[in-house]
1. Once the piece of chain linking residue 132 and residue 350 is laid out straight, how much longer is it, given 0.36 nm per residue of separation minus the C-alpha distance between them?
2. Evaluate E = 1/(1 + (r/R0)^6) for residue 254 and residue 389, where r is the Cβ-Cβ distance and R0 equals 22 Å; express this FRET efficiency to the nearest 0.05.
3. If each residue of separation counts as 0.36 nm, what is the full-extension length gain between residue 297 and residue 65 once their alpha-carbon separation is subtracted?
4. Note the angle between two axes, namely the Cα long axis of helix 356-370 and the longest principal axis of the Cα atoms of the chain, as a number of degrees from 0 to 90, rounded to the nearest 10.
5. So, by mean Cβ neighbours within 10 angstrom, what's the order for 182-190, 220-228 with the highest one leading?
6. Taking the Cα of residue 238, stepping 7 Å toward and past its beta carbon, and measuring to each backbone N in segment 277-317: which are under 14 Å?
7. Please give, to one decimal in nm, the separation of the simple spin-label points placed at residue 23 and residue 371, each 7 Å out from Cα toward the Cβ.
8. Report, for the chain, the % of DSSP beta bridges that are antiparallel, rounded to 5.
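Coordinate-derived values only; no laboratory data. Worth saying up front: this structure is predicted, and the values here are computed from it rather than measured. Cβ sites come from the backbone with ideal geometry, for glycine too, and all protein chains shown count toward neighbours.
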Ligand SMILES: C[S@@+](CC[C@H](N)C(=O)[O-])C[C@H]1O[C@@H](n2cnc3c(N)ncnc32)[C@H](O)[C@@H]1O
């Protein structure tokens with residue numbers, strides 16, 4: 001008779017509470033893909049699964065919650081004034097395009113639908129001619145999101161075209177109009193790299209043998225990473241980690257290609273390439289969020305954790321390609337002020353005695369949207385083709401508006 005094997009150290013030391021905390025419905029799928037790929041997948045592929053796995057991805061899930069009830073709060077969820085102010089910008093773009101009788105108003109990555117709903121509400125009330133000309137289209141990568149967006153917009157009385165981003169990008173022909181997005185590009189998968197001397201390494205995701213995930217380094221998975229930095233003429237600092245948003249660049253290339261004449265307004269956390277890859281930035285910008293708290297480990301609880309990073313505006317602007325002009329990115333805090341937030345707050349203050357509670361809530365929202373340590377840090381990249389980018393309202397310095405008239 002064989003003797004039973006003595007208990008292993010693993011048995012004595014295993015932390016089953018930690019394992020329970022890490023396990024999610026998506027984890028077996030990630031582990032399965034790692035096994036079929038020979039032991040590791042690029043971090044970008046992990047991020048694509050974590051956010052976009054058709055059943056268990058963060059954005060694909062039917063039960064995703066937005067705003068305060070969710071894991072993080074975006075500007076359209078803070079207050080509808082965000083959408084009202086950007087609708088003013090949309091109207092100006094339409095005017096600069098010569099007030100066409102039909103123009104496309106396209107929002108990729110539309111979240112709960114709150115941004116498009118607010119823009120259309122403002123246009124309907126304050127700019128009826130522009131509203132009549134607008135052909136709104138809401139794009140998303142996930143059928144559950146599209147369904148929720150359709151319901152949210154219909155509930156407010158708006159019939160809007162809904163499509164998977166991929167389907168809209170593959171349609172033939174071009175449009176005249178405005179593509180406007182908020183925190184869309186920073187939700188697309190990014191490669192994670194590290195510079196070591198003259199070499200670039202890439203970080204992959206592997207299984208640690210205990211049923212959890214771990215990072216492991218290797219050679220770049222695609223020559224596109226080296227080409228990306230070569231095109232920029234720079235590298236991250238020695239020893240620094242950085243993200244390379246190849247999917248974001250490709251998405252911008254294809255979105256811009258569908259616009260014959262018009263504007264692409266990108267509202268996102270991001271920097272110019274020189275800022276993003278500055279030698280002092282050692283840890284990159286990758287962040288994981290759950291219930292409004294930053295999480296130390298981006299691999300933990302995949303599918304239940306939001307992952308995001310800061311986009312490279314230089315590469316996004318260049319990706320737009322022939323005929324496109326870009327203005328230097330401006331901070332959301334400034335853009336919203338010149339689009340009318342400052343004036344709206346003055347008007348609200350004058351009415352404060354009518355409803356003090358509402359005034360307090362509006363004021364809090366304005367502060368949140370312009371908080372220099374929070375949402376106010378988001379920047380706006382304006383691109384134009386076949387119409388001027390210079391002088392666009394959202395790009396104007398606040399001082400110019402405050403200079404004496406005459
Ligand atoms: C950070 S959320 C922002 C949502 C919304 N714009 C807002 O500001 O509240 C990112 C959005 O992009 C969508 N998304 C993620 N990956 C996508 C993809 N590959 N194609 C299109 N949309 C995608 C998500 O479903 C989600 O609606």
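1. Values: separation 218, 0.36 × 218 = 78.48 nm, distance 3.26 nm.
So the extension gain works out to 75.2 nm.
2. Numbers: r = 20 Å, r/R0 = 0.92.
That pair, residue 254 with residue 389, gives E of 0.65.
3. Gain in length upon complete extension: 81.4 nm.
4. Helix 356-370 sits roughly 60 degrees off the main axis of the chain.
5. Numbers: 182-190: 25.4, 220-228: 15.2.
Those peptides, ordered most packed to least, come out 182-190, 220-228.
6. Label zone hits: 279-280.
7. 3.6
8. Values: 33 of 56 bridges.
Roughly 60 percent of the beta bridges in the chain run antiparallel, per DSSP.
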